[in-house]
1. With r defined as the distance between the Cβ atoms of HIS96 and LYS140 and R0 fixed at 22 Å, what FRET efficiency is calculated, to the nearest 0.05?
2. Would you pull out the residues with amide H under 5 Å of ALA161's amide H, same chain only if 5 or more places away, H placed 1.01 Å from N?
3. How much FRET efficiency would the formula 1/(1 + (r/R0)^6) give for LEU10 and LEU68, where r is the Cβ-Cβ distance and R0 is 45 Å, rounded to 0.05?
4. Using alpha-carbon positions, what is the distance between the centroids of segment 142-160 and segment 40-90, in Å?
5. Check VAL203: other-chain or 5+ apart residues with amide H under 5 Å from its amide H, H built from backbone geometry?
6. For a quick check, take a GNM of the chain with Cα springs below 10 Å and name the residue from GLY36, GLY143, GLY225 with the largest mean-square fluctuation.
7. Work out the FRET efficiency for ASP179 and VAL48 from their Cβ-Cβ distance, taking R0 = 22 Å, and round it to the nearest 0.05.
8. Using the charge dipole of the chain (Lys, Arg: +1 at Cβ; Asp, Glu: -1 at Cβ; taken about the Cα centre), state which of LEU104, ILE66, SER212 has its Cα farthest towards the positive end.
Amino acid sequence: MKYLIKILLLVKNFLFPSRCALCETLLTETAEIREGLCEKCMVSLVTVQGEKCKLCGKPLISERDICLSCRNQGAKACDRLWVIFPYTGVYRKLLHAYKFAKNLALAVFFAGKALEVIAENPVLQDAVIVPVPPRPGKIKETGWDQVDYLAKHILKQSCSAVVQRCLKRRRSKAQKQLDRKGRMENMKGRVYLREKPPKTVLVIDDVITTGSTLEVCSDILKKGGAEKVYGLCLFYD
Ligand SMILES: [Zn+2]
Ligand SMILES: [Zn+2]
């Protein structure tokens, strides 16, 4: 079966050659084609290293355990967040290739990275994955939901992962132009539960900017009965 998939992948690549999402060289190896990146680019992408904030997952500079920004923000509904890549330079290009240019192979790469984080952190072993819900109309406009697609690939690559799409979103103003407070207000009451949430949740999203979306989702999940809510974002701004 594995052999057959490999052949199909090579045939598909012969008819529609894949290029690396970052440097655009033609991909020839099956592992490269599967993940949408050439070997060189793949190894050049480094996940967040060193000491990280125990709440937001960002690298610490001179702080200890918890970063200054988290200290200033006080208690949050999200118990802990993990982030994988900074949203800068080549990493920004990587997310754009996935989110806007729809390089779907990158979901395989991202799902692998997400599963590494889950495997490294025992508290996440029993967490049920809940994708951040897309705004209504998004799928109609863009044809897909990149976060849900990521969740599907996490499921595909793991025999123990569980995904529950228990959050939904009502129509609200676009978030882009708003600051954190504005975003929180905009989101409140727009996100709701369509079923009882799991006891331990891992909310997943592609990029975290102000953190308001994750915070509103975590709050709704906790009010609905979730005991622990963690977050995992591919990129942090
Ligand atoms: Zn490349
Ligand atoms: Zn922090």
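1. Efficiency, rounded to the nearest 0.05: 0.55.
2. For ALA161, no residues qualify.
3. Numbers: r = 50 Å, r/R0 = 1.12.
Given R0 = 45 Å and the Cβ-Cβ separation, E is 0.35.
4. Measuring centre to centre over Cα atoms gives 23 Å.
5. Correct list: VAL130, TYR230, GLY231, LEU232.
6. In this elastic network of the chain, the residue with the biggest mean-square fluctuation among GLY36, GLY143, GLY225 is GLY143.
7. Working: r = 25 Å, r/R0 = 1.12.
The computed FRET efficiency comes out at 0.35.
8. Comparing the listed Cα positions along the dipole, SER212 ranks first.
Only the coordinates and a few stated rules stand behind these numbers; no lab work does. Bear in mind that the values here come from a model prediction, so they are computed numbers and not experimental data. Neighbour counts run over all protein chains shown; Cβ positions are idealised from the backbone, glycine included.
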